[in-house]
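Trainee: Here you go, one structure.
The values are calculated or read from the model by the stated rules, or taken from the named source; none is laboratory data. Being a predicted model, the structure only gives us computed values, none of them experimental. Counting neighbours? That spans all protein chains shown, and the Cβs are built from the backbone with ideal geometry, glycine included.
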Amino acid sequence: MSGRASASSVRPLVELRDLAKSYSGVAAVQPLDLDVAYGDFCAILGPSGCGKSTLLRMIAGFVEPTGGRIQIDGIDVTGLGPEQRPTNMVFQGYGLFPHLSVAENVGFGLALRKMPRPEIATRVAEALRLVRLDGFGDRTIDRLSGGQQQRVALARALIMRPKVLLLDEPLAALDLKLRHAMQEELRRIHAEIGGTFIFVTHDQTEAFALASRIVVMNEGRIEQVGAPQDIYLDPHSLFVADFVGETNVLSGVRTNGAVHLAAGVDFNAPGAEGAVRAIIRPEAVRQGAGEVTVQARITDVVFLGNALKIVARLPSGETLSARDPDVRRHASYAREATESFSWALADQRILDGAQ
Ligand SMILES: Nc1ncnc2c1ncn2[C@@H]1O[C@H](COP(=O)(O)OP(=O)(O)O)[C@@H](O)[C@H]1O
Ligand SMILES: [Mg+2]
């Protein structure tokens, strides 16, 4: 990718090799490999129960792997406890001490390390400034809002200057507006300290809003790793296509290098013979003829505010969903009318197999 020409020659900060965890013989994380580069803002994205927290806790040292190795900054930390690793973790429930002050909470880790008080005070003030809580040092935790508590939890982790900051669904407890504000804060803090963050989320919009790199997980496995735009535009599996945003999935079959979609269209697409799926994002589908054209009966037109969502039925019985950003074209989509819809060859992905 541009600007990273020498990335392959630079050692990653975090290297996971064959890392696995089973509970009583049941795999929570299947043996997996993953590299996280210095300065990355890496999202581990997947549905509930797919092993995200287990993976993060293994990196932090709170969960002992049943197989594999973890290297951080070139050092094998697999056998080390959490406090011996250059990591720090922000937990979903924050884990703050409710009766201690903000400053005592934030300075807790440094006090444990017997850092002199004046130095702790300086570092606490610095950390509180970073999360925009200057002047809140003397308050107790129970007198803070949820968003402010989140910032204290962040400051308490950042003050330890970890090489890797680990965040487990850090914004899940916040309402939507506050969550968006905190997403911007996290981006600012990440840029300001130039650190490496790995965060877990089941929310694809959050992963896209924050991450420079996304790791999509499913059932204890990594499905795909890539930049957000690669994950969105070039999903390698149906699971990824479906999990990150809305998508059209059309079934077809390939013979002699040509794909025939059940929706009633053929095009050249070399590859293995047999069943295929064509994946097309709704925003790539236009009204009218184009490189790949189908006929579809309009069943619904929904005004989304910033776009129209058009739902149509293909001759195969499959549904085709389209987006039109020009909401003034509402009248051009008549319900029950059969119309041509099309997309560019470059905007579709062909996946082999029926799954
Ligand atoms: N301490 C545990 N004991 C037994 N099973 C666990 C434990 N922690 C997690 N699991 C199981 O491992 C799987 C992955 O869990 P988890 O990593 O928490 O998923 P996620 O964070 O993606 O929701 C789940 O099936 C969960 O029930
Ligand atoms: Mg979890």
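Trainee: As an exercise: evaluate R281 against (1) over 27 Å from D33 (Cβ atoms); (2) out of contact with any Lys or Arg (no Cβ under 9 Å at 6 or more places or on another chain); (3) surrounded by 19 or more Cβ atoms within 10 Å (Cβ to Cβ); (4) not small (G, A, S) and give the number of the one condition it does not meet.
Mentor: (2)
Per-residue answers, yes or no, for (1) under 25 Å from A207 (Cα atoms); (2) within 16 Å of ligand 1 (Cβ to nearest atom); (3) in contact with a Ser or Thr (Cβ under 6 Å, 6 or more places away or on another chain):
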residue	(1), (2), (3)
G46	yes, yes, no
T54	yes, yes, no
R57	yes, yes, no
E64	no, yes, no
G67	no, yes, no
G74	no, no, no
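Trainee: Can you work out which of the residues in region 183-207 that are hydrophobic (A, V, I, L, M, F, W, C) and crowded, with 19+ Cβ neighbours inside 10 Å is farthest from ligand 1 (Cβ to nearest atom)? Let's see the steps before the verdict.
Mentor: Going residue by residue through region 183-207, those that are hydrophobic (A, V, I, L, M, F, W, C) are 186, 189, 191, 193, 197-200, 207.
From the residues that got through so far, the ones that are crowded, with 19+ Cβ neighbours inside 10 Å too are 186, 189, 197-200, 207.
Values: L186: 19, I189: 23, F197: 17, I198: 13, F199: 12, V200: 6, A207: 13 Å.
Step by step, filter region 183-207, then rank; the result is I189.
Trainee: Output the residue which, of all residues in region 208-220 that are within 15 Å of ligand 2 (Cβ to nearest atom) and surrounded by fewer than 23 Cβ atoms within 10 Å (Cβ to Cβ), is farthest from C42 (Cα to Cα).
Mentor: Out of the qualifying residues, it is E219.
Trainee: Could you list, in sequence order, all residues of region 137-190 that are away from ligand 2 (no atom under 16 Å from the Cβ), part of a loop (DSSP other than H, G, I, E, B) and small (G, A, S)?
Mentor: G137, S145
Trainee: Within the set of pairs 6+ apart or on separate chains, which have a first residue in region 322-335 that is at negative phi and in contact (Cβ under 8 Å) with a residue 12 or more places away in the chain, a second that is in a strand (DSSP E or B) and loosely packed, with under 12 Cβ neighbours inside 10 Å, and C-beta atoms under 9 Å apart?
Mentor: Partner pairs satisfying both residue conditions: V327/F303; H330/F303.
Trainee: In addition: V301: aliphatic (A, V, I, L, M) and in contact with a helix residue (DSSP H, G or I) (Cβ under 8 Å, 6 or more places away or on another chain), yes or no? Let's see the steps before the verdict.
Mentor: On the way: aliphatic (A, V, I, L, M): yes; in contact with a helix residue (DSSP H, G or I) (Cβ under 8 Å, 6 or more places away or on another chain): yes.
For V301, the condition - aliphatic (A, V, I, L, M) and in contact with a helix residue (DSSP H, G or I) (Cβ under 8 Å, 6 or more places away or on another chain) - is met.
Trainee: Counting just the residues of region 43-66 that are more than 16 Å from ligand 2 (Cβ to nearest atom) and surrounded by 14 or more Cβ atoms within 10 Å (Cβ to Cβ), which one comes out farthest from M89 (Cα to Cα)? Outline the logic, then answer.
Mentor: Taking region 43-66 first, the residues more than 16 Å from ligand 2 (Cβ to nearest atom) are 61, 64-66.
Keeping just the survivors that are surrounded by 14 or more Cβ atoms within 10 Å (Cβ to Cβ) gives 61, 65-66.
Details: G61: 10, P65: 17, T66: 21 Å.
Among them, the one singled out is T66.
Trainee: Something else now. Please report, ordered by residue number, the strands (runs of 3 or more DSSP E) entirely within region 235-346 with at least 2 residues that are closer than 27 Å to F208 by Cβ and of a type outside the set (F, W, Y). Talk me through it step by step, then tell me what you get.
Mentor: Numbers: elements: 248-255, 258-261, 265-268, 274-280, 292-303, 308-313, 319-324, 338-343.
Passing ranges, in order: 248-255, 274-280, 292-303, 308-313, 319-324.
Trainee: In this structure, is G39 away from ligand 2 (no atom under 15 Å from the Cβ), assigned by TED's automatic domain parsing to the domain that holds D230 and assigned to a loop (DSSP other than H, G, I, E, B)? Explain how you work it out, then say what you get.
Mentor: Working: away from ligand 2 (no atom under 15 Å from the Cβ): yes; assigned by TED's automatic domain parsing to the domain that holds D230: yes; assigned to a loop (DSSP other than H, G, I, E, B): yes.
Taking the combined requirement at face value, the residue satisfies it.
Trainee: Can you tell me which condition A121 does not meet? The list is (1) under 26 Å from the mean Cα position of the chain (by Cα); (2) under 29 Å from A191 (Cβ atoms); (3) surrounded by 13 or more Cβ atoms within 10 Å (Cβ to Cβ); (4) away from ligand 2 (no atom under 16 Å from the Cβ), and all the others hold.
Mentor: (1)
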